[in-house]
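Engineer: Below: one structure in structure tokens.
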Amino acid sequence: MVLLFFMTTACSQFPRDPEQTMARVNRGILRVGATHHPPFVVIDNHGPSGPEAELVSEFAAEQHAQIRWTISSEADLFEKLKQYELDLVVGGITTRSPYKSHAGFTQPYARHQDKKYVLAVPPGENALLLALDRFIISHSQ
Amino acid sequence: MVSPQFELPRHLLPEFEKARRLEWITIGYMLTVIVVMYLAMGSSQSMKVALMEDVLSLIPSISFLVASRYLHKKADKKFPYGYHSAFTIAFLCGSVALFAIGLFVVFDSAMTLVQQEHPAIGSVVVGGKAYWLGYAMYGALLYSAVPAMIIGRKKLPLAEKLHNKVLFTDAETQKADWMTALAAMVGITGIGFGWWWADAVAALFISVNILHDGYKNLRNAIADLMSRRPQTTDQKEEDPLLQEIRNTASSFSWVKQVAVRFRENGQIYFGEIFIIPHSDTPEVNSRLPELHDRIMELHWKIHDVTIALVKEFPEDKAA
């Protein structure tokens with residue numbers, strides 16, 4: 001029976017997204033929410049920039065998806081994330097963020113002064129989370 | 001390092017030692033399980049509940065070891081009935097904890113289901129690569145279940161030989177650990193397939209199990225404190241020893257009728273034997289020591305017996 005388990009998990013996409021986020025991303029659109037939080041994310045006339053914006057752009061490129069940016073406050077972005085209206089949220093989020101329950105946190109892409117900086121995905125979208133984690137790990141090498 | 005067990009017959013002392021050793025091993029093993037489960041649990045509700053069950057399983061093991069230290073104390077002036085109730089107390093405390101925590105986790109798991117929380121199960125980095133945390137959870141669950149089943153299987157025959165209720169329930173619970181691990185694994189696999197509710201449902205299943213165990217044990221502990229008559233180790237019937245006592249007493253020619261009243265105190269029995277002797281029995285009082293000795297010889301569990309000569313049996317109190 002244990003063998004059956006592992007056989008089923010090896011075939012097709014595993015884990016999957018309950019809300020099909022990864023499937024949508026593969027169809028070409030990545031909806032990212034960004035909040036102004038220098039130096040991680042800087043919002044100006046040219047749009048979002050900074051190390052996190054670059055990271056996300058590279059990920060999108062790898063997934064052959066176009067980014068659709070939403071600029072707003074952290075609170076608003078996390079609310080949208082929880083409602084599955086966004087696929088990703090960036091803005092200098094750390095593992096200590098009070099919005100932990102609204103989202104899934106990736107592996108930290110950077111550590112600085114005791115804080116671990118992460119990106120946020122919608123709660124339960126584990127396929128997207130794993131893809132991002134793998135991307136982050138391979139990029140920090 | 002064992003203290004002399006004055007109530008256990010000599011041939012059972014090594015069995016008791018074996019049981020103590022297994023309980024120490026259980027505690028050491030469970031501590032490692034708790035660490036492993038904590039590290040692997042992530043935001044999975046079923047892992048959280050399984051972890052709580054693991055913590056709770058320390059209670060019977062610790063109770064057994066602590067109570068077994070008190071058993072060796074002989075009765076004294078202050079405690080003329082001895083210290084055997086140490087076991088009953090340990091049993092009661094453990095049952096209350098189990099029941100209370102069972103209630104809590106049932107409620108907690110139901111809430112995650114009702115609030116439709118989608119658990120985020122990310123990754124664990126091993127050797128520079130990211131693997132899905134779910135696989136680590138499978139590993140942790142297998143580690144928490146397989147050795148437990150083996151140890152439980154070893155404890156069960158000892159519990160039967162020692163007629164020890166605490167050891168028996170502990171062994172049965174350990175043996176059934178596979179159910180919790182399987183439920184959690186199914187729940188996590190469900191999450192992998194995109195069914196966010198699978199984890200919460202598995203957690204609910206495990207929680208109900210904990211609550212049921214707590215309830216069963218609590219009922220038993222309370223019955224013990226209410227001085228229920230001794231039952232077989234699986235709690236299903238009157239201990240056949242009681243009938244043996246009745247038969248032995250009846251075999252004496254001067255005994256007209258017999259009724260007994262016994263209760264459990266720890267692993268031994270205390271009781272009274274009510275005898276209506278034939279009215280023409282000469283020097284009936286001198287017959288008592290022989291009867292007493294014969295009864296005491298029947299089994300090591302018969303620890304303290306009072307024989308009362310009566311004209312009629314106390315109503316409803318003995319049989």
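Since every read-out is calculated from the coordinates, none of them should be taken as a lab result. Quick caveat, the model's predicted, so the values are computed rather than measured. Quick reminder, even Gly has a Cβ in these numbers, built from the backbone with ideal geometry, and neighbours come from all protein chains shown.
Engineer: Considering segment B:229-310, what Rg and Dmax in Å follow from its alpha-carbon atoms?
Structural biologist: Final numbers for Rg and Dmax: 13.0, 44 Å.
Engineer: Please list, in order along segment B:23-30, the HN-Hα scalar couplings obtained from phi with the Karplus expression 6.51 cos²θ - 1.76 cosθ + 1.60 (θ = phi - 60°), rounded to whole Hz, x for Gly and Pro.
Structural biologist: Coupling constants for segment B:23-30: 5, 5, 4, 4, 4, x, 4, 4 Hz.
Engineer: With just the Cα atoms of chain A, tell me how far they stretch along each of the three principal axes, in Å, largest first.
Structural biologist: Answer, in whole Å and largest first: 55, 35, 29 Å.
Engineer: So for the pair A:A75, A:S57, with labels modelled 7 Å out along Cα→Cβ, what separation do we get in nm?
Structural biologist: 3.1 nm
Engineer: What is the dipole size for the protein assembly as shown, taken about its Cα centre, with +1 at each Lys and Arg Cβ and -1 at each Asp and Glu Cβ, in debye to the nearest 20?
Structural biologist: Using only the charged Cβ atoms, the result is roughly 720 debye.
Engineer: Next up: Put one equal scatterer on each alpha carbon of segment B:125-202, apply the Debye formula with no solvent term, and list log10 I(q)/I(0) at q = 0.18 1/Å to two decimals.
Structural biologist: Log-scaled intensity ratios, in q order: -0.76.
Engineer: Please identify which residues in segment B:51-83 have an amide N closer than 13 Å to a label point set 7 Å out from the Cα of B:R10, following the Cα→Cβ vector.
Structural biologist: none
Engineer: Right, here's the next one. What average count of beta carbons from other chains do you get within 10 Å of the Cβ of residues in B:34-43?
Structural biologist: Mean shielding count: 1.
Engineer: What span do the alpha-carbon atoms of segment A:85-141 cover on each of the three principal axes, reported in whole Å from largest to smallest?
Structural biologist: 31, 26, 14
Engineer: May I ask you to work out the translational diffusion coefficient for chain B at 20 °C, viscosity 1.002 mPa s, via Stokes-Einstein with Rh from the Kirkwood sum over Cα pairs, reported in whole µm²/s?
Structural biologist: 96 µm²/s
Engineer: How many percent of DSSP beta bridges within the protein assembly as shown run antiparallel, rounded to 5?
Structural biologist: If I count the DSSP bridges inside the protein assembly as shown, around 65 percent turn out antiparallel.
Engineer: Subtracting the Cα-Cα distance from 0.36 nm times the residue separation, let me have the gained length for B:K129 to B:V114 in nm, one decimal.
Structural biologist: Difference between extended and current length: 1.9 nm.
Engineer: For chain B, give the share of DSSP beta bridges that are antiparallel, in percent and rounded to the nearest 5; count only bridges with both residues there.
Structural biologist: 70 percent
Engineer: Using the Cβ atoms and a cut-off under 14 Å, what net charge is assigned to the surroundings of B:L142, where Lys and Arg are +1 and Asp and Glu are -1?
Structural biologist: -2
Engineer: Specify the inter-centroid distance of segment A:108-141 and segment B:160-236, based on alpha-carbon positions, in whole Å.
Structural biologist: Measuring centre to centre over Cα atoms gives 38 Å.
Engineer: Here is a follow-up. Which of B:R261, B:R229, B:R294 moves the most in a Gaussian network model of chain B with Cα springs under 10 Å?
Structural biologist: In this elastic network of chain B, the residue with the biggest mean-square fluctuation among B:R261, B:R229, B:R294 is B:R294.
Engineer: Okay, next question. Sticking with the crude label model, points 7 Å out along Cα→Cβ, report the distance from B:K161 to B:K73 in nm, one decimal please.
Structural biologist: 2.9 nm
Engineer: Using Cβ counts within 10 Å as a stand-in for footprinting exposure, how do B:T173, B:T232 rank, fewest first?
Structural biologist: By the 10 Å Cβ count, ascending, the order reads B:T232, B:T173.
Engineer: B:D304's amide H: which non-local residues (gap 5+, or another chain) put their own amide H closer than 5 Å, with H modeled 1.01 Å from N in plane and none for Pro or chain starts?
Structural biologist: B:Y269, B:G271
Engineer: By DSSP, what percent of the beta bridges with both residues in segment B:252-319 are antiparallel, rounded to the nearest 5?
Structural biologist: Just about 60 percent of them are antiparallel.
Engineer: How high is the relative contact order of chain B, in percent, with contacts defined as C-alpha pairs under 8 Å that are six or more residues apart?
Structural biologist: Averaging sequence separation for qualifying contacts and normalising by length gives 19 percent for chain B.
Engineer: Then there's this: So if I take the alpha carbon set of segment A:46-101, get Rg, then get Rh from the Kirkwood formula, what is the Rg over Rh ratio?
Structural biologist: Ratio value, two decimals: 0.96.
Engineer: Let me ask something else. In the structure shown, do any of B:K161/B:K256; A:K80/B:K129; B:K78/B:K216; B:K18/B:K175; B:K78/B:K256 have a Cα-Cα gap over 26 Å, and if so which?
Structural biologist: B:K161/B:K256; A:K80/B:K129; B:K78/B:K216; B:K78/B:K256
Engineer: Can I ask one more? When all alpha-carbon pairs of segment A:16-62 are counted, what percent fall beyond 13 Å?
Structural biologist: Result: 61 percent of Cα pairs exceed 13 Å.
Engineer: Taking Cα atoms of the protein assembly as shown, Rg/Rh with Kirkwood Rh, to two decimals?
Structural biologist: So for the protein assembly as shown, dividing Rg by the Kirkwood Rh gives 1.20.
Engineer: Using only helices, what value at 222 nm comes out for the protein assembly as shown when you add -39,500 (n - 2.57) per DSSP H run of length 4 or more and divide by the total residues, to the nearest 500 deg cm²/dmol?
Structural biologist: The helix-only estimate for the protein assembly as shown comes to -17500 deg cm²/dmol at 222 nm.
Engineer: Please give, to one decimal in nm, the separation of the simple spin-label points placed at B:C93 and B:V55, each 7 Å out from Cα toward the Cβ.
Structural biologist: 1.7 nm
Engineer: Continuing with the same structure: Pop the C-beta distance of B:W254 and B:H212 into the FRET formula with R0 = 56 Å and round what comes out to the nearest 0.05.
Structural biologist: Efficiency, from the Cβ-Cβ distance: 0.65.
Engineer: Sorting B:W132, A:W69 on the 10 Å Cβ count, fewest up front, what's the list?
Structural biologist: A:W69, B:W132
Engineer: Please compute P(r) over all alpha-carbon pairs of segment B:20-147, binned at 5 Å starting from zero, and give each bin as a whole-number percent.
Structural biologist: Using 5 Å bins, I get a P(r) of 2, 9, 15, 15, 16, 13, 9, 7, 5, 4, 2, 1, 1, 0 for segment B:20-147.
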